[in-house]
Amino acid sequence: MEIQAIKVQRLYLQVAQQLRALIDAGTFAVGARLPSERDLAQRFEVSRPTIREAMIALEIAGLVEVRSGSGVYVKARESQASLAEDADPGPFEILEARKLIEGETCALAAQRISDAQLQQLSQLVEAIAEENRQDTISEKADQQFHCLIAEAAGNSALTAAITWLWQLRNESEISTHFHQRLREEGDRPIVADHQKILDALRSRDPDASRQAMVEHLQRVIDHLLGVL
């Protein structure tokens, strides 16, 4: 017998596949509103971010329609929709990983960051504020801010890991779909959070720097669960 490679399926895809089966079976008819995220999270015994990612996957597959402020509704479809079997990490998975890795990286950077890098971060905070005022939404300065902190930590493995997480955020189908919807809703990076991170780094305080970064990314997670 030929040995088959073991595939680790992402949790949100397992949820999405079960919901798709319920839709196909008619448990949720076309036009029906799906239960709330909190209700589904309790039924599946998973987190709300996992349910949100499952909904994004279903939306990409054309199975549901997400209506801002109203809920998620089963969508009529003309062709057989399919869910990706080997999808990238979901946007909340990426944020959770960033919170863990960037928090410790920021603590390390507080001990090693140069005055020149602090000046660059200050300029990037101003750039984030300026980008927020533009009609064309850009998150370039936000990404540069976080990646510069990774560089300031002086550990190439951490720099590579954080760069890769941002690449996933910007290139994976489920993440780009989610963040495009957020941009359409007018969502913007939080300038005050970035200023707090910068202030902590200026003080060369590892604990304060870690806390500022972790609180920032947790606030992003909490905020994103409250929109769309």
Note down all Cβ pairs under 9 Å where the first residue falls in segment 66-78 and is touching a residue at least 24 places away in the same chain (Cβ under 8 Å), the second is among the acidic types (Asp, Glu) and assigned to a loop (DSSP other than H, G, I, E, B), and they're at least six residues apart or on different chains. SER68/GLU185
If a residue has to be assigned to a helix (DSSP H, G or I) and under 16 Å from ALA153 (Cβ atoms) to count, how many in segment 176-206 make the cut? 6
Answer yes or no: is there a residue in segment 207-224 that is crowded, with 16+ Cβ neighbours inside 10 Å and not in a helix (DSSP H, G or I). no
Which of the residues that make up segment 99-137 are closer than 24 Å to ASP187 by Cα and part of a loop (DSSP other than H, G, I, E, B)? GLN134, ASP135, THR136, ILE137
In segment 191-204, anything crowded, with 16+ Cβ neighbours inside 10 Å and without any contact (Cβ under 8 Å) to a residue 60 or more places away in the chain is listed as ASP193, LYS196
Quick one: is ASP187 farther than 25 Å from ILE113 by Cα and assigned by TED's automatic domain parsing to the domain that holds ALA97? yes
Is at least one residue of segment 152-171 modelled with pLDDT of 95 or more and over 30 Å from ARG10 (Cβ atoms)? yes
Over segment 126-152, the set of residues buried (at least 22 other Cβ atoms within 10 Å of the Cβ) and among the aliphatic types (A, V, I, L, M) is ILE128, ILE149, ALA150, ALA152
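The values are calculated or read from the model by the stated rules, or taken from the named source; none is laboratory data. Keep in mind it's a predicted model, so treat the numbers as computed, not measured. Cβ atoms come from the backbone with ideal geometry, glycine included; neighbour counts cover every protein chain shown.
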